[in-house]
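To keep things clear, I will list the structure first and then write my remarks on it.
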Amino acid sequence: MLYSPDLIRMETEISVSDTRFSLHLVQAEALSMTLSGVRCYLNGHNLLCLNTTDTVTVHSGQYESRGLCFRPDFYNISLNHLVIEDDGYADLRARCSFPDFHLFLKRDETYCGILPLSADIYASLRNRFTLGERFVDAHDTDPMWSCHARSQLISILCLAESAFHGQREGDTNQVIRYIREHVERPMSVESLCQMFKTNRTTLSKMIRDATGMSPMEYVMEERLNQSCPDLLFTALPIGDVALKYGFSSPNYYIRAFKRRFGKSPLQYRNDGLDKLKEYDREMLL
């Protein structure tokens, strides 16, 4: 399947699309805006996750924005807004491992589509946006551009999820949040202890109480789990996926993946493709 560059585009202004989900990475200074009827005041770093039905009016203040707007079928050809908003989507998600897109769809008294960001996660997201833009711009010359761009989108959505959960959880588990937001970085118990100014015993208890795992078991779990969408929804070589998620070699990644999931990354990818083909056949009946 050759993906069209029309399915994803970059923006420099905060805007809403009637066909695309919109992610806007915003650095704001006294920004006053109305988002879907809610008056908002933004300072510092934020991520806006906007649906096709949202409305945005900027009133005053200054901001710098990098926007990534994508149609659901850029994530996977089987997806569209009607499928995602259907009551049966939860079952389809469980079957095919699709994302739930709740950051774009969920709205309540505590969340209107705006995620405040730490300087650290803002920098990580900015890097992902830059890489995504680079791959989208290379659609004429790089036959793998859509896989590379989709891989960056997968990471952006993962970081956004972490920011959302961090907003709900507060700062009670900074170590857990750091690990899930930086799986690509080298990590050890010693480096985590140094970073969070604690000792091995306290660090181990903190992570085990939260996850039931040792610190390095949890690092491995996050790396493996976060790599799964890249296997399912891109055609990136296994070695590239391994490198992206902090593994020292493809063979190490393959062994660790097989221990965790009972199958190799390639088998996992092929099984996922078979499920998607089965679903597509059912839709044609």
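Of note:
- Scattering from the stretch 171-285 was approximated by placing one identical point on each alpha carbon and applying the Debye formula without solvent; log10 I(q)/I(0) at 0.18 1/Å stands at -0.91.
- Here the calculated FRET efficiency for Ala30 and Asp137, from their Cβ-Cβ distance with R0 = 30 Å, stands at 0.40, rounded to the nearest 0.05.
- The helix-only estimate of mean residue ellipticity at 222 nm for the chain, built from DSSP H runs of length n ≥ 4 each weighted as -39500 (n - 2.57), is -16000 deg cm²/dmol after division by the residue total.
- Too-long pairs where the Cα-Cα distance tops 32 Å, listed order kept, from Lys244/Lys275; Lys197/Lys258; Lys205/Lys258: Lys197/Lys258
- Take the Cβ atoms of Asn270 and Arg208, set R0 to 41 Å, and the FRET efficiency comes out at 0.75.
- Dipole magnitude of the stretch 171-285, debye to nearest 20 (Cβ charges: Lys/Arg +1, Asp/Glu -1, about Cα centre): 380 debye
- The chain: DSSP helices with Cα axial extent of at least 24 Å and average Kyte-Doolittle hydropathy no lower than -1.0: 119-137, 145-169, 215-233
- Compared with the alpha-carbon gap, the fully stretched path from Thr52 to Gln174 is longer by 40.6 nm at 0.36 nm per residue.
- Gaussian network model of the chain, Cα within-10 Å springs - most flexible of Leu50, Leu35, Leu23: Leu35
- Estimated inter-spin distance, Asp73 and Leu92, nm [label 7 Å along Cα→Cβ]: 1.3 nm
- Other residues within the sphere of radius under 9 Å centred on the Cβ of Lys244, judged by their own Cβ, net out at -3 (K and R +1, D and E -1).
- Based on C-alpha pairs under 8 angstrom that are at least 6 apart in sequence, the chain has a relative contact order of 14 percent.
- Estimated distance in nm for a label pair at Asp240 and Cys112, the labels positioned 7 Å out from Cα along Cα-to-Cβ: 4.0 nm
- Projecting the Cα positions of Gly166, Ile179, Leu103 onto the charge dipole of the chain (unit charges on Cβ atoms of Lys, Arg, Asp and Glu, taken about the Cα centre) puts Ile179 furthest along the positive direction.
Bear in mind that the values in this text are calculations on the coordinates, not laboratory data. Not measured: the values here are computed from a predicted model. When we count neighbours, we look across all protein chains shown, and the Cβ atoms used for this are built from the backbone with ideal geometry, even at glycine.
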